[in-house]
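Only one structure is covered here, and it is reproduced in the block below.
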Amino acid sequence: MTRKHFRQIADALRYMRKIEIDDVEMSATGVRVVKFSSVVDALAGILAESNPRFNRDKFLEACGIGAEESKLKAAQEAIEREDQVCFDVCAEHCQIFGNVKHTTWFLEAVAEAL
């Protein structure tokens, strides 16, 4: 990485700091938690500006942004199709498919199994 890259990263983080300061001035509590996804998005924006070949979607996925949502969608589809993986997850947890197919923990467990 070059000095230019470090400056770009610093610019992205400074932008996140500006958001934090603006929020503190408007907030009654004065506390602001910056989401990981916001930081990654700010960095992706800076990187996209610096390189026309930069693949924002690939970068976000590499950082774990969006990947979880696609896994959950695939898990939901597997449950709807009643794929074998669903019954394997049920067996691992000593559960009956019909009893747990609409629960959040089961959706997450199937996503993890995929």
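Values computed for the structure shown
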{"quantity": "Lone unmet requirement of (1) of a type outside the set (Phe, Trp, Tyr); (2) closer than 30 Å to TYR15 by Cβ; (3) at pLDDT 85 or above for LEU72", "calculated": "(3)"}
{"quantity": "Test: residue in the range 90-99 that is among the β-branched types (Val, Ile, Thr), touching a helix residue (DSSP H, G or I) at 6+ places or on another chain (Cβ under 8 Å), over 23 Å from ALA10 (Cβ atoms) and surrounded by fewer than 16 Cβ atoms within 10 Å (Cβ to Cβ)", "calculated": "yes"}
{"quantity": "Selection count where residues are more than 13 Å from ALA113 (Cα to Cα) and in contact with a helix residue (DSSP H, G or I) (Cβ under 8 Å, 6 or more places away or on another chain), scope the range 50-89", "calculated": "11"}
{"quantity": "Some residue of the range 71-85 being surrounded by 12 or more Cβ atoms within 10 Å (Cβ to Cβ), assigned to a loop (DSSP other than H, G, I, E, B) and under 19 Å from the mean Cα position of the chain (by Cα)", "calculated": "no"}
{"quantity": "Positions within the range 16-61 being assigned to a helix (DSSP H, G or I), modelled with pLDDT of 70 or more and not hydrophobic (A, V, I, L, M, F, W, C), in sequence order", "calculated": "SER37, SER38, ASP41, GLY45, GLU49, SER50, ARG56, ASP57, LYS58, GLU61"}
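Matching residues to (1) over 30 Å from PHE36 (Cα atoms); (2) in the same structural domain as ARG7 (by TED's automatic domain parsing):
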position: PRO52; (1), (2): no, yes
position: ASN55; (1), (2): no, yes
position: LYS58; (1), (2): no, yes
position: ALA75; (1), (2): no, no
position: ILE79; (1), (2): no, no
position: GLU82; (1), (2): yes, no
position: ILE96; (1), (2): yes, no
position: LEU107; (1), (2): no, no
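The values are calculated or read from the model by the stated rules, or taken from the named source; none is laboratory data. What you see is a predicted model; the values in this text were computed from it and never measured. So basically every Cβ, Gly included, is an ideal-geometry build from the backbone, and we count neighbours across all protein chains shown.
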